[in-house]
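*Asks:* Here it is: the structure, laid out below.
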Amino acid sequence: MTVRHRATLSSGTPQPVGAHRSGRWLRAAVAMALVVAGADGFLLLARGLATPVGAEQAKASFLAGRSAPAATGTVTGPRPPAGVYRYRTSGYERIDRFGVNRAYPPETVRVITWRGGCRWRETIPIFDQHVETYDFCAAGDDADEFASSTSLTYFLVPGVQRFACAPVGRRLLTGQRPGAARDWRCREGASTSVNTTVYRAAETVQTDAGAVATRHVRLVTALSGRSTGGAVRDLWLDADGLVVKEQREVSLKVRSAFVGLLSYQERASFLLSARP
């Protein structure tokens, strides 16, 4: 006679083969789902953080404590007076994760500061989470662009790239005819920015303060390394090198240690509305 044993779920009785193992897998799967849900929730919460920078905040953050050269004769090249400049702004930036789309505020600022000697810096704080700097040396009949940086914060994680340039760029291409170009290159570690500045034409730009005679240059940039892709910036510059108007298009692939490979796009325009 064959005796058949039937497993029950009552306390102290044998469990079916694999029951404990299945329970452990179920608990692990639930825990993993909670972790993923928590991470997704954090990313969704952090995706929209974008704090515009107003003129007073920009002045306190980037201009306070910095004085202009004691003697103007020590600086001979074209450069705008130090101060906070306001711009009417339109456009956006977006990335392809979690629907991040930051509309630019209707007004942004640019801050011109003296860094010592011939060195000056243009700072563009679009948001607390998006700040650009462009360093140039005002000497001779043009301004030499020798460094730039971009700080972008997504999901509360900042990413900064700062390039040093050799050969340097020329901000105005002073004395050149329409169609003249200058190639220049910037590096940060294994990352490279290959740039070409082309002088387009002398053009008049209408601003809130009236018409301004400008030099229209186009800056084309190709990036490789940590970021890949390119940018086209059309700049209308006053005789002192101040940006009176800008139109830009940027399309990049950016590698983030936190969320992986991102596609970044930016479309924006800026028009000078007020000087210091």
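Every number here is computed from the coordinates shown, using simple stated rules; none is lab data. Here the structure is a predicted model, which means the values were calculated and not measured.
*Asks:* What's the long-distance tail for the stretch 146-262, i.e. % of Cα pairs beyond 20 Å? Provide the component values of the computation, followed by the final result.
*Replies:* On the way: 3292 of 6786 pairs.
Here the tail beyond 20 Å accounts for 49 percent of pairs.
*Asks:* Sticking with this one: Name the long-range amide H neighbours of A180: under 5 Å, sequence gap of 5 or more, or other chain; modelled H, no Pro or chain starts.
*Replies:* Those qualifying (amide H under 5 Å, at least 5 residues apart or on another chain) are Y199.
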